[in-house]
Protein chains: 2
Amino acid sequence: MIKGILGYAHYLLKETIQPGETVVDATCGNGNDTLYLSKLVGDEGSVFGFDIQKQAIENTKQRLLQHNRTNVTLIHDSHANISNHIQPTTIIGGAIFNLGYLPKSDKSIITKGESTTLAIHNILKQLKEGGLIIIVVYHGHPGGQEEKESVLHKAKSLDQKLFSVLRYDFINQKNNPPFLLAIQKNTD
Amino acid sequence: MIKGILGYAHYLLKETIQPGETVVDATCGNGNDTLYLSKLVGDEGSVFGFDIQKQAIENTKQRLLQHNRTNVTLIHDSHANISNHIQPTTIIGGAIFNLGYLPKSDKSIITKGESTTLAIHNILKQLKEGGLIIIVVYHGHPGGQEEKESVLHKAKSLDQKLFSVLRYDFINQKNNPPFLLAIQKNTD
């Protein structure tokens, strides 16, 4: 069976992230991906989790506590400021973004094209060869279309010698379902 | 690493086709996929291979002979006429199309939207639940754009309750590289 968007996102992360690595959840939300990454890298690895909403950081903290995960640093700041929180010499093993708004929360607080593309740009500089940035693009909400265009523009402009950009998209579904972008740093 | 278009096509076929099944190579070309399918279904299974070009049928026949594969029926006819060659009661385990022209051959002899979409329509009627039609969409050649639009229109119009249609596409590459469509018949 073909994997759904979220299943394929986790599959790709699992395929490319190794235990002990440093990885990024750029949008903690309710902590699902943060928890997944925390287990993938194991106790020797570490996760940096970002969210602009205090509620998301709090939800994620509780989620991690329930599972006794202690290898995550939660950062209440925009993922655009990643360079303020992760050493520039740190190699990043992989990263995930879920664009849009925090589920069951204020839909006016959303990720935006400018900060999302800046965060992608900053993570790519530190991404390991063969590593992936996964972006789950929700775009049905107000503001979603603009961010989608902005992120697609950034993704399409990446040099194909250096990066492979996959769009994984179910094209016969109604109501603007999310699609996935996977940006891979090519190996030499 | 993210799989390329052809690697992902074979991966999906392998994931969904079982030994003993009946499968279709709708465009034999030089026989690469025919051979792959022949091995996947094993000696108890069977492959129906179609091509409108005599040269393609001949190339594929030689390819299969080299590998001692005897479970393939080669048919020198358009895949649009599939109903003339496969019993309507036969369940099809999976199928693959490579659109465009025969490599190293006359580029004016190409698959076309009307016959391709008709063939897809006919195969879907006999496809097993959970089964896939894989379509590798080459579209850089003269006539390719029209066929691409026609096939995308057909694919997008499939009822999402009955089918899932995935587009798998590297979006930062120049020179109109092929992309993949995978149509899955949903299970109940």
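Take the conditions (1) away from chain B (no Cβ under 14 Å); (2) in contact with a Gly (Cβ under 8 Å, 6 or more places away or on another chain); (3) of a type outside the set (A, V, I, L, M, F, W, C); A:Gly131 misses just one of them, which is (1).
Consider the range B:167-188 and keep the residues that are charged (D, E, K, R), in a strand (DSSP E or B) and in contact (Cβ under 8 Å) with a residue 12 or more places away in the chain. The one that is farthest from the other protein chains (Cβ to nearest Cβ) is B:Lys185. Here the condition is being of a type outside the set (D, E, K, R), at negative phi, more than 10 Å from chain A (Cβ to nearest Cβ) and surrounded by 14 or more Cβ atoms within 10 Å (Cβ to Cβ); of B:His153, B:His139, it holds for B:His139 alone.
Scanning the range A:66-108 for residues that are closer than 27 Å to A:Gln184 by Cβ and basic (Lys, Arg) turns up just one, A:Arg69. Candidates are the residues of the range A:75-124 that are small (Gly, Ala, Ser) and in a helix (DSSP H, G or I); the one that is farthest from A:Val23 (Cα to Cα) is A:Gly113. Of all residues in the range B:80-100, those that are at positive phi have Cβ atoms under 7 Å from Cβ atoms of residues that are hydroxyl-bearing (Ser, Thr, Tyr) and surrounded by 24 or more Cβ atoms within 10 Å (Cβ to Cβ), 6 or more apart or on another chain, in B:Gly100/B:Thr111. The conditions of being within 10 Å of chain B (Cβ to nearest Cβ), of a type outside the set (Ser, Thr, Tyr) and within 12 Å of the chain's Cα centre (by Cα) are not met by A:Leu162.
The set of residues in the range B:1-53 that are in a strand (DSSP E or B), closer than 25 Å to B:Pro177 by Cα and in contact with a Phe, Trp or Tyr (Cβ under 9 Å, 6 or more places away or on another chain) comprises B:Val24, B:Asp25.
Quick check on A:Lys112: is it out of contact with any Pro (no Cβ under 7 Å at 6 or more places or on another chain), within 14 Å of chain B (Cβ to nearest Cβ) and surrounded by 14 or more Cβ atoms within 10 Å (Cβ to Cβ)? The answer is no for A:Lys112. The selection criterion, being more than 14 Å from chain A (Cβ to nearest Cβ), within 17 Å of the chain's Cα centre (by Cα), surrounded by fewer than 19 Cβ atoms within 10 Å (Cβ to Cβ) and modelled with pLDDT of 95 or more, holds for B:Lys125.
Mind checking whether some residue in the range A:157-176 is closer than 17 Å to A:Ala9 by Cβ and aliphatic (A, V, I, L, M)? Yes, the conditions are met somewhere in the range A:157-176. Going through (1) closer than 27 Å to B:Leu152 by Cα; (2) within 14 Å of chain B (Cβ to nearest Cβ) one by one, A:Gly144 falls short only on (2). Can you pull out the residues in the range A:8-52 that are within 14 Å of another protein chain (Cβ to nearest Cβ) and in contact with a strand residue (DSSP E or B) (Cβ under 8 Å, 6 or more places away or on another chain)? Result: A:Tyr8, A:Ala9, A:Leu12, A:Leu13, A:Thr16, A:Ile17, A:Gln18. Among the residues of the range A:144-166, at least one is assigned to a strand (DSSP E or B), of a type outside the set (Lys, Arg) and in contact with a helix residue (DSSP H, G or I) (Cβ under 6 Å, 6 or more places away or on another chain).
The values are calculated or read from the model by the stated rules, or taken from the named source; none is laboratory data. The model shown is predicted, which means the values in this text are computed figures rather than measured ones. Neighbour counts run over all protein chains shown; Cβ positions are idealised from the backbone, glycine included.
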